[in-house]
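Okay, so here's the structure we're looking at.
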């Protein structure tokens, strides 16, 4: 009996006719062996990346033929046996099993803690907003690594983290708690392809510290938002506002994207870079999918064609914009928002000032729209996003899951820290009815 032909290892070699590169490979598609497949690439790096992908697929296929488990399957099986007694199986739903799996399964547990900390520091220091406020993060996280020395991610537990924060001086405890919490939140974010830290650890840490109250962190105060009267005032000012040698209306795009689309400050800046044709920042995984030559040829229209799709009524936040979670989400463009974005496009206004002007001049604009006391006592970074979340949540046509999808967060996070305090007479209908024609 003739033995089945073994899949040929993928190989890359130059194409002397076009100057590009050729990938030769075999593959199995729908149970049929396809021999001598060929793909062409302009860059060797792209060809090598695809070669590695095909090679991994072949190994998985061989493992499947031999009846053996792949690496990820072995890890899942080990988790299943170790957690067998952790759930009251009679009456447990599939959804509960999946939630428990997401909270406890940790394939990145063997990673060195120092590498995960480096990822977090890189994200914070390259986010592009208020760089001066991030100057203390690298040295503080360096002390964090020195304290835990050669620990692995799996070695962390709530008791060790609480002990570390408790060992700080009295004035530093709230700051270190906040930094450690941000580190756990970032490294366990479900938007990552493989979260390094279990989400369960973050919840245990918050529970053990009473959400920071043990260290003097006040978490009861609702996040700062703009009320409807302040929103109208801000939009009226932004129509003509400029700082120094800027252009009139340069802050209107950032205001609309934050207030009515819920984009994070980093995401607003990323949209502005794309509009200006500047290189994008690295995302949360440290990688970046470049634009093709055809996409780049669109110039300033690129952002309107690929990301702010007015004809489809969505803003596409993919990995080139969603820098925090690296998770694609589509934000709905509501009728009044469509008018604002159309106005911005028709007048060729910037969607966001340059990074330098953002970090240097945004404080002048924000002083125009909120009183000094609230500026001094609150973080300014996410005021617009919190305003969007507060008014979106109480819309009758938006349920919990749609609300979280628009924000790019899980339901617990969206409920806990995103709802501001509204006046009794404020309604989402009034908020989402403010249009450019009101000020022209």
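The values are calculated or read from the model by the stated rules, or taken from the named source; none is laboratory data. Please read all numbers here as calculations on a predicted model, not as lab measurements. Reconstructed Cβ throughout: ideal geometry from the backbone, glycine too, with neighbour counts over all protein chains shown.
Please find, within the stretch 218-239, the residue that is nearest to residue 339 (Cα to Cα) out of those that are modelled with pLDDT under 85 and surrounded by fewer than 17 Cβ atoms within 10 Å (Cβ to Cβ).
222
Any residue in the stretch 253-270 that is in the same structural domain as residue 347 (by TED's automatic domain parsing) and surrounded by fewer than 17 Cβ atoms within 10 Å (Cβ to Cβ)?
Looking for residues that are in the same structural domain as residue 347 (by TED's automatic domain parsing) and surrounded by fewer than 17 Cβ atoms within 10 Å (Cβ to Cβ), one finds none in the stretch 253-270, hence no.
Can you tell me which condition residue 162 does not meet? The list is (1) closer than 20 Å to residue 119 by Cα; (2) surrounded by 16 or more Cβ atoms within 10 Å (Cβ to Cβ), and all the others hold.
(1)
Here's a check for you: in the stretch 131-173, which residue that is within 30 Å of residue 357 (Cα to Cα) and not in a helix (DSSP H, G or I) is modelled with the lowest pLDDT?
135
Answer yes if at least one residue in the stretch 416-436 is more than 15 Å from residue 226 (Cα to Cα), touching a helix residue (DSSP H, G or I) at 6+ places or on another chain (Cβ under 9 Å), loosely packed, with under 14 Cβ neighbours inside 10 Å and modelled with pLDDT under 85, and no otherwise.
Applying the first criterion (more than 15 Å from residue 226 (Cα to Cα)) to the stretch 416-436 yields 416-417, 429, 433, 435-436.
Imposing the further condition that a residue be touching a helix residue (DSSP H, G or I) at 6+ places or on another chain (Cβ under 9 Å) reduces the set to 417, 433, 435-436.
Cutting the leftovers down to loosely packed, with under 14 Cβ neighbours inside 10 Å gives us 433.
Pick out the ones that are also modelled with pLDDT under 85 and you get none.
Within the stretch 416-436, none of the residues are more than 15 Å from residue 226 (Cα to Cα), touching a helix residue (DSSP H, G or I) at 6+ places or on another chain (Cβ under 9 Å), loosely packed, with under 14 Cβ neighbours inside 10 Å and modelled with pLDDT under 85.
Could you tell me which of the residues 5, 51 is modelled with pLDDT under 65, touching a strand residue (DSSP E or B) at 6+ places or on another chain (Cβ under 9 Å) and outside the structural domain of residue 196 (by TED's automatic domain parsing)?
Values: 51 fails: modelled with pLDDT under 65.
The conditions single out 5.
Among the residues of the stretch 382-408, write down those that are part of a loop (DSSP other than H, G, I, E, B) and touching a residue at least 60 places away in the same chain (Cβ under 8 Å).
Quick first cut of the stretch 382-408, residues part of a loop (DSSP other than H, G, I, E, B) only: 382, 394-399, 408.
Listed by number, the residues that qualify are 382, 408.
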